[in-house]
Number of protein chains: 2
Amino acid sequence: MKTISRKQEIIATATRLFYEKGYTAVSMRDIATAMDIKAASLYNHIKSKQEILSEIILKVAEEFTVGMENVLAENSSAIKKVEKVIELHIDITVNHSEALAALNNDWMHLEEIDLRSFVKMREDYEENFRSIIKQGIEAGEIKPYHPEVILFSILSTLRTLYLWYQKRGKVDVNILKKDMVSVLIKGIV
Amino acid sequence: MKTISRKQEIIATATRLFYEKGYTAVSMRDIATAMDIKAASLYNHIKSKQEILSEIILKVAEEFTVGMENVLAENSSAIKKVEKVIELHIDITVNHSEALAALNNDWMHLEEIDLRSFVKMREDYEENFRSIIKQGIEAGEIKPYHPEVILFSILSTLRTLYLWYQKRGKVDVNILKKDMVSVLIKGIV
DNA sequence: TAACAAAACTAACGCTTGTTAGTTAGAATT
DNA sequence: AATTCTAACTAACAAGCGTTAGTTTTGTTA
């Protein structure tokens, strides 16, 4: 179906514009103009502006959820799992850096089920990460700081990586992973 | 002058709403309704919606600038300066947690001189922080990681602290400072 | 009590918003 | 050659936007 690919073009264009100015500051006419068509034409391919936002955000949110489930399923130490989570974030950042702006800044403009579903995913994700850290502390692999502070510190860095990755001309992924794992882990072991 | 205090009430109300939904998603009518008056009445006290945004953002941005200048003026080790910067962020977060949402997410909706002035302040701030880290590395106080990665990691955590501080019922400031300094510094020394 | 300033009001402006209805040009399929 | 499908178009809608002008209410001071 050609419609699907055209729909993906719209979503890609919107993702870029949302990254630059935020969801509410971008109009359907802005998106259309960027594609050299009229705003009404967009509705041959998408149901609403809201649908664009939820496709952008939920697709990436599901990648996080699936990635976290894979990490949890592993049979390895807590520290190794933290490393895997860091690498998961970096992989997603590299592939969807612009979508992450919408996920981080515009999720509250989701509606109804989409909003609830996103919030649930995010809470579960944080809870899973928190339990990995707690297990690491119990096992003596991780220093006994307040787990909340460790969680917050690592997650903040990972969540805003998309801003820096864009700004400082896209470093090599493997070097980035090594550096980030060093800086984020060395402080807590 | 009563007008000034009324103006501050408007700014305080707008700050809260901008924190919840973002600058562009909040209308002048929203702000007015939250104050139990009509939108037109706001204009007895402020020039424009834009003025509200720039007062919110630039006031806090100047606190960061002044704070950083004080840190630079100190005669102490690089590590001690990094500690002071961490404490500066925590103090500002505690006092202006909602304004920081606008500063972080809506600065791009500033116009003209205000936008230029903000961007300049932020660039200078980052550059000053970067040079503290570089000096620490040269002096052997800080591990020789890529300074950019250290800067990014610490600054990301500090910049999103306002989100966590709101969510987890406002911890005691001094405990927070001690914990954050531990987690953020121990990893790099 | 009259005068004054502060701060609210009503009404409206021109413009932008997301979205719908109906139509048309071109390409693919029968 | 006729039909169907895709994807664009024009035109318009009702609602909401930031803002202005002019007026009225409210509270303080002379």
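The values are calculated or read from the model by the stated rules, or taken from the named source; none is laboratory data. Worth saying up front: this structure is predicted, and the values here are computed from it rather than measured. Here Cβ is always computed from backbone atoms with ideal geometry, including for glycine, and neighbour counts include all displayed protein chains. The area values use the complete protein model at the heavy-atom level, side chains included, leaving out ligands, DNA and RNA. Shrake-Rupley method; radii C 1.70, N 1.55, O 1.52, S 1.80 Å.
Determine which member of the set A:Asp114, A:Asp106 is at pLDDT 95 or above, within 11 Å of another protein chain (Cβ to nearest Cβ), within 18 Å of A:Gly22 (Cβ to Cβ) and surrounded by 15 or more Cβ atoms within 10 Å (Cβ to Cβ).
None of the others qualify; the one that does is A:Asp106.
Collect the residues in region A:2-15 that are within 11 Å of DNA strand C (Cβ to nearest atom) and hydrophobic (A, V, I, L, M, F, W, C), keeping them in residue-number order.
The one that is within 11 Å of DNA strand C (Cβ to nearest atom) and hydrophobic (A, V, I, L, M, F, W, C): A:Ala14.
Which condition from (1) touching a residue at least 40 places away in the same chain (Cβ under 8 Å); (2) open to solvent by 10 Å² or more (accessible area, probe 1.4 Å); (3) within 22 Å of B:Asn105 (Cα to Cα); (4) hydroxyl-bearing (Ser, Thr, Tyr) is the one that A:Thr93 breaks?
Status for A:Thr93: all satisfied but (2).
Can you tell me which residues in region B:142-179 are facing chain A (nearest Cβ under 9 Å) and acidic (Asp, Glu)?
Matches in region B:142-179: B:Glu148, B:Asp179.
I'd like the residue in region A:30-50 that is part of a helix (DSSP H, G or I) and open to solvent by 70 Å² or more (accessible area, probe 1.4 Å) and, out of all such residues, is farthest from the other protein chains (Cβ to nearest Cβ).
A:Asn44
Any chance you could count how many residues in region A:86-102 are within 10 Å of A:Glu63 (Cβ to Cβ) and within 8 Å of the chain's Cα centre (by Cα)?
Total satisfying the criteria: 3.
Let me confirm something: among B:Leu72, B:Leu53, B:Leu58, which residue is buried (at least 20 other Cβ atoms within 10 Å of the Cβ) and either part of a helix (DSSP H, G or I) or out of contact with any Asp or Glu (no Cβ under 6 Å at 6 or more places or on another chain) (or both)?
Of the residues listed, the single one that is buried (at least 20 other Cβ atoms within 10 Å of the Cβ) and either part of a helix (DSSP H, G or I) or out of contact with any Asp or Glu (no Cβ under 6 Å at 6 or more places or on another chain) (or both) is B:Leu53.
Which of the residues that make up region A:154-174 are of a type in the set (Gly, Ala, Ser) and either out of contact with any helix residue (DSSP H, G or I) (no Cβ under 6 Å at 6 or more places or on another chain) or in contact (Cβ under 8 Å) with a residue 12 or more places away in the chain (or both)?
A:Gly169
Assuming B:Ser77 fulfils every condition listed in (1) away from chain A (no Cβ under 14 Å); (2) under 17 Å from the mean Cα position of the chain (by Cα); (3) open to solvent by 40 Å² or more (accessible area, probe 1.4 Å) apart from one, which condition is it?
Answer for B:Ser77: the failing condition is (2).
Report yes if B:Leu88 is away from DNA strand C (no atom under 16 Å from the Cβ) and within 14 Å of chain A (Cβ to nearest Cβ), otherwise no.
No, not satisfied.
Check off (1) assigned to a helix (DSSP H, G or I); (2) within 15 Å of DNA strand D (Cβ to nearest atom) for A:Arg16 and give me the number that stays unchecked.
So the condition that A:Arg16 fails would be (2).
Hey, can you tell me all the residues within region B:30-54 that are closer than 18 Å to A:Lys21 by Cα and either more than 14 Å from DNA strand C (Cβ to nearest atom) or without any contact (Cβ under 8 Å) to a residue 12 or more places away in the chain (or both)?
Hits for region B:30-54 are B:Gln50, B:Leu53, B:Ser54.
Identify the single condition in (1) under 16 Å from the mean Cα position of the chain (by Cα); (2) within 14 Å of chain B (Cβ to nearest Cβ); (3) away from DNA strand C (no atom under 16 Å from the Cβ) that A:Phe18 does not satisfy, given that it satisfies every other one.
A:Phe18 satisfies all of (1) under 16 Å from the mean Cα position of the chain (by Cα); (2) within 14 Å of chain B (Cβ to nearest Cβ); (3) away from DNA strand C (no atom under 16 Å from the Cβ) except (3).
Restricting to region B:127-136, count the residues that are open to solvent by less than 40 Å² (accessible area, probe 1.4 Å) and free of Cβ contacts under 8 Å to residues at least 24 places away in the same chain.
The qualifying residues number 2.
Of the numbered conditions (1) open to solvent by less than 40 Å² (accessible area, probe 1.4 Å); (2) within 14 Å of DNA strand C (Cβ to nearest atom); (3) within 14 Å of another protein chain (Cβ to nearest Cβ), B:Ser27 fails exactly one; give the number of that condition.
Only one criterion is unmet by B:Ser27, namely (1).
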